[in-house]
Amino acid sequence: MNDRTTYIIGVDIGTSSAKTIGLGIGGEVLASFQQAYSTDHPQPGYSEQDPAVLLLAVMNGIREVVRKTGFAPAAISFSSAMHSIVALDAKGTPLTPLIIWADNRSEAQAMALRDTPAGKAIYRQTGTPVHAMSPLCKIIWLREQQPALFARTAMFPGIKEYIIHHFLGRYLTDHSIASATGLFDISTLQWSAEALAVAGIHAAQLPQPVPATEVVTGLKPAIAADLGIPVSTPFVMGGSDGCLAQLGSQAMDPGHATLTIGTSGAVRMAGSQPLIDAQGRLFTYLLTDDVYITGGATNNGGVVLQWLVQDFLQQPLTALQELVDAALRVDPGKLLCLPYLLGERSPIWNSHATAAFIGIQPQHTPAHFTRAVLEAICYALLSIKKALEETAGPVHKISVSGGFTHSPGWIQLMADIFGQRMHLQQQSDASAIGAIILAAQTLGMPPIAGLTDAPEKVFEPDMEKHTSYITSYQRFIWLYERLKED
């Protein structure tokens, strides 16, 4: 193989953008492309996207990477955000927008199911907490609230499955994405009969589950011509963005956690066995059929900062970094925030949770509000990390990834709040890189050079500041417990 011409394309279908990377087997990024898209909130609790817009962003990314490199890739592999669903009729026409992970319309259905014997059994089988994020609860909502539409629905794919069908003409889902639906038995690797019964659907209405390492060919000729690649191009199914971020961050050893903040946020660890938290605080998803990723996700990552800047402070998003820099110069802990703008997932699993600022005084400026949000996002992730350690064991190393890593000051704040080193690998999007690593392994290619010894920046915690932050963190937990019923 020629390091100068052999490369793999990794596509990460994220919440706010599609990121496409062409990585050579020599370890160099040959080309990349990113296209943003928006989320609509037509009613309180709704979070929707246009699947055609996301499909176009993926196609534009592949086309641009191929154009920039000047030659076709050895393979294409996908990473994708989890928990999305779109109802399709028998002709494959969307009957709904893409309902994404942040959508809370099914919170009543989730609450009604979660603590029942059926709900607890489904959590143990699937590893997915019963929550409004899950396709299981979204399907129940559609059945109860839009029965005529539900009756017309022939297929319930997520965005990745929708795109793969457009490319290859088959409804397929990888085990990794399937394991985040609340409908997939992670022990038998089949759709759960119990979950299907609760949802009121048949397995034929869901894409066929296949391993993340499944290689699929048969690209439609018109799509191949549009993208500038051969019809024979192999597609490796890939997995979910969270699981592939673990692989892309080289964090597969015991006790090595990843911490990601993009639109949302998460803390995760890899293991060889499924770990089900007795308190139901954490998820357990598959990467491959013998690798499980256990952790928790917060709904409220960068999306809270975006709201703060655009809607609360009425500033353009271009002012975000300036506001973050100013926030990191003011004293910590003077203003406390509960960041639950979009309800919350781990560890509290409360779709009713709302955001709040506590302790506002006349001297507080936009910088203080911004700092309160930064600290609150860190506290939410610290609560997940503590639940993860109780379930999976001590965390001895944390690798960070996601959009927040563009701000060294925010990474340092995270290190100080956690009282633990944060390791930043100097590389591109971890989820897309993970998809590429998985594809290379699947196709029997040699390990991609340079990834295991990629340069790494380490952020050392200030333990004196950590002591002060822990006091604020305890107030954060105490305030939520006092306010949650209101």
Of these, A435, A440, A449, which one is exposed (fewer than 15 other Cβ atoms within 10 Å of the Cβ) and within 30 Å of T6 (Cα to Cα)?
A449
Some residue of region 455-470 being out of contact with any Cys (no Cβ under 6 Å at 6 or more places or on another chain), more than 27 Å from M82 (Cβ to Cβ), touching a residue at least 60 places away in the same chain (Cβ under 8 Å) and not small (G, A, S):
yes
Scan region 193-209 for residues that are touching a helix residue (DSSP H, G or I) at 6+ places or on another chain (Cβ under 7 Å) and free of Cβ contacts under 8 Å to residues at least 40 places away in the same chain and jot them down.
L196, H202, A203, P209
Just wondering, is there one or more residues in region 235-249 that are farther than 23 Å from A132 by Cβ and without any contact (Cβ under 8 Å) to a residue 12 or more places away in the chain?
no
For region 16-44, enumerate the residues that are crowded, with 18+ Cβ neighbours inside 10 Å, in contact with a Gly (Cβ under 9 Å, 6 or more places away or on another chain) and more than 21 Å from F404 (Cα to Cα).
G22, L23, L30, A31
Residue in region 172-187 that is surrounded by fewer than 22 Cβ atoms within 10 Å (Cβ to Cβ) and without any contact (Cβ under 8 Å) to a residue 40 or more places away in the chain present
no
Which members of region 260-296 meet the condition of being in a strand (DSSP E or B) and either aromatic (F, W, Y) or out of contact with any Ser or Thr (no Cβ under 9 Å at 6 or more places or on another chain) (or both)?
F283, Y285, Y292
In region 266-291, what residues are among the hydroxyl-bearing types (S, T, Y) and surrounded by fewer than 23 Cβ atoms within 10 Å (Cβ to Cβ)?
S272, T288
Just give me the residues in region 393-420 being touching a strand residue (DSSP E or B) at 6+ places or on another chain (Cβ under 9 Å), closer than 22 Å to R475 by Cβ and among the small types (G, A, S), in sequence order.
A415
For region 136-154, what are the residues that are under 23 Å from the mean Cα position of the chain (by Cα) and touching a residue at least 60 places away in the same chain (Cβ under 8 Å)?
L136, I139, I140
Residues within region 217-248 that are assigned to a strand (DSSP E or B) and either surrounded by fewer than 17 Cβ atoms within 10 Å (Cβ to Cβ) or not β-branched (V, I, T) (or both), tallied
5
Can you tell me which of A222, A212 is among the small types (G, A, S), within 30 Å of T39 (Cβ to Cβ) and touching a residue at least 12 places away in the same chain (Cβ under 8 Å)?
A212
For region 448-479, what are the residues that are closer than 30 Å to G434 by Cα and β-branched (V, I, T)?
I448, T452, V458
What tally of residues in region 249-264 results from selecting those that are in contact with a helix residue (DSSP H, G or I) (Cβ under 8 Å, 6 or more places away or on another chain), within 19 Å of A392 (Cβ to Cβ) and surrounded by 24 or more Cβ atoms within 10 Å (Cβ to Cβ)?
5
If we keep just the residues of region 358-392 that are without any contact (Cβ under 8 Å) to a residue 40 or more places away in the chain and touching a strand residue (DSSP E or B) at 6+ places or on another chain (Cβ under 6 Å), which is nearest to L338 (Cα to Cα)?
A372
Test: M111 is surrounded by fewer than 24 Cβ atoms within 10 Å (Cβ to Cβ) and within 29 Å of V304 (Cα to Cα):
yes
Looking at K397, K465, K386, which is the one that is modelled with pLDDT of 95 or more, within 20 Å of the chain's Cα centre (by Cα) and surrounded by fewer than 19 Cβ atoms within 10 Å (Cβ to Cβ)?
K386
Tally up the residues in region 311-364 that are over 26 Å from K385 (Cβ atoms), under 23 Å from the mean Cα position of the chain (by Cα) and of a type in the set (S, T, Y), please.
0
Against the definition (part of a loop (DSSP other than H, G, I, E, B) and farther than 30 Å from E214 by Cα), how does D416 come out, yes or no?
no
Residue by residue through region 444-461, note down the ones that are at pLDDT 75 or above, closer than 22 Å to Q420 by Cβ, in a loop (DSSP other than H, G, I, E, B) and not acidic (D, E).
P455, P461
So is A326 outside any loop (DSSP other than H, G, I, E, B), buried (at least 17 other Cβ atoms within 10 Å of the Cβ) and small (G, A, S) or not?
no
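The values are calculated or read from the model by the stated rules, or taken from the named source; none is laboratory data. A quick note: this is a predicted structure, and the numbers were derived from the prediction, not measured. Every residue, glycine among them, receives a Cβ derived from its backbone with ideal geometry; neighbour counts consider all protein chains shown.
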